[in-house]
Amino acid sequence: MPNLTDSPLRYGIVSRWLHWGMAALFAAQFLSAAAHWALPRENALRELLWGYHPSLGAALFLLVLLRGVWGLANIQRRPAHVGKLGRAAIAGHMAIYALMVIVPAVRILAVAGSKGGASFFGITVFPAREAEIAWMRAPAAWHGEMGWILALLVLGHIAMAVFWHHLVRRDDTLKRMAR
Ligand code: HEM
Ligand code: HEM
């Protein structure tokens, strides 16, 4: 019987699928952002990669809400984080969660308050409106910067998991999320 829920020894199937599935989707999302930042306008690769950015971002927003609810439902039986480094790991994970919510949320709020409205995956979610709503659009001014901060936190997170835990300390941290 597969372990759907988490246990003190390892993350369960649902948490692992959410973690690795979303990691792959975030890689695609950062790739589109990097192409948007680095490549010249009207470059075919930039347009291709940018084409999915808003819809994938909206999907990631829904997935992180689901993951947060699942994480809270499992919080008592998740692997423990002890000591100073453990508390630092929890703080790091919290910061990643906060940005995984805020980064797409500010952009979704902005399109909800825009004149043009918005469609995700071809479905109109916010219809066009007569006048834009300034307060809904303002926080999106920091969307890109916050997105890059999230990317840096994720790079630090990967370095801690792979280099520090797996290669230097040789503990079970990576294994409890991996298998
Ligand atoms: C977790 C999800 C998301 C991440 C990690 C993310 C990340 C980023 C990053 C790093 C940039 C800066 C690119 C540059 O420097 O040229 C950016 C730009 C942009 N993103 Fe996202 N994004 C996400 C979701 C969304 C969503 C849901 C939308 C639309 C509803 C969106 C629309 C845009 C737009 C229009 C820009 C260009 C203008 C700007 O920099 O604010 N993004 N995104
Ligand atoms: C190669 C890429 C990655 C590796 C090797 C990796 C590794 C890990 C490991 C080993 C854990 C368990 C840590 C513990 O129990 O203390 C973990 C948890 C976590 N990771 Fe990653 N990770 C990767 C990518 C990502 C990405 C892209 C994100 C978010 C954008 C992310 C966000 C999280 C979060 C929030 C947790 C806390 C547990 C949870 O609620 O899911 N990880 N990661």
For q = 0.16 Å⁻¹, what log10 I(q)/I(0) does the stretch 1-62 give under the Debye formula with an equal point scatterer on each alpha carbon and no solvent?
-> -0.60
State log₁₀ I(q)/I(0) for the stretch 13-178 at q = 0.08, 0.11, 0.12, 0.21 Å⁻¹ as given by the Debye formula over alpha-carbon point scatterers of equal weight, solvent excluded.
-> -0.30, -0.55, -0.64, -1.51
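Of the trypsin sites (Lys or Arg not before Pro) in the stretch 1-81, which ones lie in a loop per DSSP and count no more than 10 other C-beta atoms within 10 Å? Present the calculation step by step, with values, prior to reporting the outcome.
Working: sites: ARG10, ARG16, ARG41, ARG46, ARG67, ARG77; in loops: ARG10, ARG41.
Sparse-neighbourhood loop trypsin sites (Lys or Arg not before Pro): ARG41.
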How much length, in nm to one decimal, is gained on full extension between GLU130 and TYR97, taken as 0.36 nm per residue of separation minus their Cα-Cα distance?
-> 8.4 nm
Using 7 Å Cα-to-Cβ label points, what is the HIS166/TRP148 separation (nm, one decimal)?
-> 2.8 nm
Rounded to a whole number, what % of the accessible area of the chain do carbon and sulfur atoms account for, probe 1.4 Å?
-> 71 percent
Under a 1.4 Å probe, what is the accessible area of the chain per residue, stated in Å²?
-> 64 Å²
Any residue on another chain or 5+ positions along whose placed amide H is under 5 Å from the amide H of ASN3 is listed here as ILE13
Which loop-located trypsin sites (Lys or Arg not before Pro) does the stretch 92-166 contain, where loop means any DSSP state but H, G, I, E or B and the Cβ has at most 12 other Cβ atoms within 10 Å?
-> LYS115
Using θ = phi - 60° and the Karplus relation 6.51 cos²θ - 1.76 cosθ + 1.60, list the HN-Hα couplings for the stretch 128-137 in order, rounded to whole Hz, with x at every Gly or Pro.
-> 4, 10, 6, 10, 6, 10, 4, 5, 6, 8
Say each of ARG77 and ASN3 gets a label point 7 Å from the Cα, pointing the same way as Cα to Cβ; how far apart are those two points in nm?
-> 0.9 nm
How much net charge surrounds LEU109 when only the other residues with a Cβ under 13 Å from the Cβ of LEU109 are counted, with Lys and Arg +1 and Asp and Glu -1?
-> +1
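The values are calculated or read from the model by the stated rules, or taken from the named source; none is laboratory data. Because the structure is predicted, anything quoted here is derived from the model rather than measured. Using ideal geometry, Cβ is built from the backbone for each residue, glycine included, and neighbour counts are taken over all protein chains shown. Ligands, DNA and RNA are excluded from the accessible area calculation, which covers all protein heavy atoms including side chains. Shrake-Rupley method; radii C 1.70, N 1.55, O 1.52, S 1.80 Å.
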